[in-house]
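Values quoted throughout were computed directly from the atomic coordinates according to the rules given, and no laboratory measurement underlies them. Note that the structure is a prediction, hence the values are computed from the model and not measured. Positions of Cβ are backbone-derived with ideal geometry, glycine not excepted, and every protein chain shown enters the neighbour counts.
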Ligand code: ATP
Ligand code: MG
């Protein structure tokens, strides 16, 4: 059993997509092991996306991610890191496969509705960034 961190980004929350995104996870056999709604400060978003610090889009990305509430979730299931990435689709909604969350709802490469950890190491870091052990359902 594997765990990954999912975020419904500020554009997804603002556009009323919380239920739709969660429905896609649950109807694909993914279990929600933890969940909360919060708004990150700019500094918290910078810490979360620290791996992208040198990228040209870092300032814009962290401003966007701290611009409104997000829903953060721990997803659990077999092979869930890859499974979630498949359900999300490619980073750029225009490149994302049909039927994926980003293809169906993303509006641009930055405002692409969801985040998902990309490897076991990043999943562990990202889950620990938002949740402690008492917030995680066994
Ligand atoms: P995420 O980490 O959010 O799940 P990802 O792993 O598909 O997305 P990354 O390369 O990690 O993509 O980029 C992180 C986020 O930064 C993207 O989801 C997107 O919001 C933004 N981003 C990525 N590339 C660009 C770009 N060229 N221009 C603007 N924003 C970008
Ligand atoms: Mg990423």
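As a length-normalised measure over Cα pairs under 8 Å and 6 or more apart, the relative contact order of the chain settles at 36 percent.
Kindly identify the chain as rounded, prolate or oblate by the Cα gyration tensor criterion: order the square roots of the eigenvalues as a ≥ b ≥ c, call it rounded if a/c is under 1.5, otherwise compare a/b with b/c, prolate if a/b is larger, else oblate. Note, shape of the chain comes out rounded.
Springs join every pair of Cα atoms under 10 Å in this Gaussian network model of the chain, and among 47, 68, 77 the largest mean-square fluctuation is at 47.
Just check region 46-126 against the gyration tensor rule for me: Cα atoms, a ≥ b ≥ c as the square roots of the eigenvalues, rounded for a/c under 1.5, and otherwise prolate or oblate depending on whether a/b exceeds b/c. Oblate. With contacts taken as Cα pairs under 8 Å at a separation of at least 6 residues, region 39-84 carries a relative contact order of 47 percent. Neighbour counts of C-beta atoms inside 10 Å place 66, 27 in the sequence 27, 66, starting with the fewest.
Fewest neighbouring Cβ atoms within 10 Å first, the residues 122, 100, 107 line up as 107, 122, 100. Residues considered: 57, 25, 105. Largest GNM mean-square fluctuation over the chain, using C-alpha springs under 10 Å, is found at 57. Per residue of the chain, the DSSP helices (runs of n ≥ 4 H) give a summed -39500 (n - 2.57) that works out to -10500 deg cm²/dmol at 222 nm.
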